[in-house]
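Following: one structure in structure tokens, then a few remarks.
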Amino acid sequence: MSDLALAAPRGLARPAKARAGETAEQLAAWVLAGPAFALIWILLLGPTVAVFVLSFTDWTFGMPEIAWAGLENYREMAGDAVFWKTLRNTLTYVAFVVPLSVFLGLGAAILIEAGESLRGFYRAAFFLPVVSTLLAMALVFQFAFHPTVGAINLTLAFVGIPTTDWLKNPNTALFALGVIGIWQAIGLSMVLFIAGLKAIPKDLYEAAAVDGADGAFERFRRVTWPMLGPAMLFVVTITAIRAFQVFDTVQVLTDGGPNKATNVLLFQMYQEGFSFLRSAYAAALTVVFLGFVLLVTVIQVRLQERNTHYG
């Protein structure tokens, strides 16, 4: 009994010390993570919350007072034909840019990795648009799309194909901007796919060859494509988010025209907030933009993860 009596206090003291140690570790973790957490709130979460609250007011930039407006900005948005056209333009741009840039980037990655020489040169050449100044490149494309002296129309006229003023035609302006977006996005997709290709074990191709997959297409279908699932998921998500954020080329080349044909969500937010100084309505557009991007991203991830193989 005496041994049990003496052992009981020691047995109770150990959990207390363990709890004290855990508390000290948690406190140390919060102290170490505190600066990063504060920066996240200051730079990301705080402004997001501020924009969300601002969207329910009637504040205009420069006004000394702010009044609560409830859902008025969202009601105005729902009845605004310009907003719906802008949303349609944005979705059309994303649907045009994302598939082509992803699969062209995949094709470039496969061709470069299949080659035996000049791999570094081709990687740098394809990745150059990613690090280039988009505004400067937009001016180059403005000259290329020129209706009379542009390289594109001169080439089309040479082969007998009808030409048009690509940036001034409402039917082609958005797709002309999409070509620029694809040109810029291919390099990033290529680099990410090259990383995914290098992560595929070589013995999988040997096993596929033993099973009779000798052709290049069969190796791609049975091994490369399934194993690129994580890379494909990441590339599609990143490319879609970047496509939703198109702004520079719209601002420089078309200014949202002609006849709002290239007006996209980010450009409309800029106009409402900084040109018309309608800060509250711009905040409401921002909330819708962020919510829509988040929704599309979540749906995209859910759909692709079903067919994604993680090796």
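Among (1) 46, 21, 18; (2) 41, 22, 16; (3) 46, 37, 16, only one was calculated for this model; which label is it, if the read-out is semi-axes √(5λ) of the Cα gyration tensor in Å?
(3)
If I ignore ligands, DNA and RNA and count only protein heavy atoms, how much of Val236 is accessible to a 1.4 Å probe, in Å² to the nearest 10?
Surface open to solvent at Val236 totals about 20 Å².
Could you list which residues have their amide H under 5 Å from that of Asn263, counting only those 5 or more apart in sequence or on another chain, with H placed in the peptide plane?
none
Taking H as built 1.01 Å from N, whose amide H comes closer than 5 Å to the amide H of Thr57, not counting residues under 5 places away?
Excluding prolines and chain starts, which carry no amide H, the hits are Ala69.
Just the accessible area for Trp166, please: 1.4 Å probe, Å², rounded to the nearest 10?
The value for Trp166 is about 60 Å².
Please pull out the direction-averaged projected area of the stretch 20-162, using the convex hull of its alpha-carbon atoms, in nm² to one decimal place.
Averaging across all directions leaves 19.6 nm² for the Cα convex hull.
Which whole-Hz couplings ³J(HN,Hα) result when phi for each residue of the stretch 279-295 is put into the Karplus expression 6.51 cos²θ - 1.76 cosθ + 1.60, θ = phi - 60°, listed in order with x for Gly and Pro?
5, 5, 5, 5, 5, 5, 4, 5, 4, 5, 4, 5, x, 5, 4, 5, 5
Rounded to the nearest 0.05, what FRET efficiency do His146 and Gln245 have when you use their Cβ-Cβ distance and R0 = 25 Å?
In this case the efficiency is close to 0.40.
For the chain, what is the accessible area per residue in Å² when the probe is 1.4 Å? Walk me through the numbers before you get to the answer.
Numbers: 18480 Å² over 311 residues.
Normalised by residue count, the accessible surface of the chain is 59 Å².
For Phe145, Phe126, write out the residues from largest to smallest accessible area, computed with a 1.4 angstrom probe and no ligands counted. Numbers along the way, then the final one.
Working: Phe145 10, Phe126 80 Å².
The residues order as Phe126, Phe145, largest area first.
Run the accessible area of the stretch 72-307 with a 1.4 Å probe and give the carbon-and-sulfur part as a rounded percent. Show your work: numbers first, answer last.
On the way: 8240 of 12280 Å².
Carbon-and-sulfur percentage of accessible area, whole number: 67.
So how much accessible area does Glu113 have, in Å² to the nearest 10, using a 1.4 Å probe?
40
How far apart, in nm, are the 7 Å Cα→Cβ label points at Asn171 and Trp84?
2.3
What are the ³J(HN,Hα) couplings of the stretch 95-108, residue after residue, when phi is run through the Karplus curve with 6.51, -1.76, 1.60 and θ = phi - 60°? Round to Hz, x for glycine and proline.
Values per residue, Gly and Pro as x: 5, 7, 7, 4, x, 5, 5, 5, 6, 5, x, 5, x, 5 Hz.
Given Val287, Phe267, Ala108, which one lies farthest toward the positive end of the charge dipole of the chain, if we put +1 on the Cβ of every Lys and Arg and -1 on the Cβ of every Asp and Glu?
Going by the charge dipole, the pick is Ala108.
The values are calculated or read from the model by the stated rules, or taken from the named source; none is laboratory data. On a predicted model such as this, the values are computed, not experimentally measured, just so you know. Don't worry about glycine lacking a Cβ; one is built from the backbone with ideal geometry, like all the others, and counts go over all protein chains shown. Remember, those area values only see protein heavy atoms, side chains included, never the ligands or the DNA or RNA. Shrake-Rupley method; radii C 1.70, N 1.55, O 1.52, S 1.80 Å.
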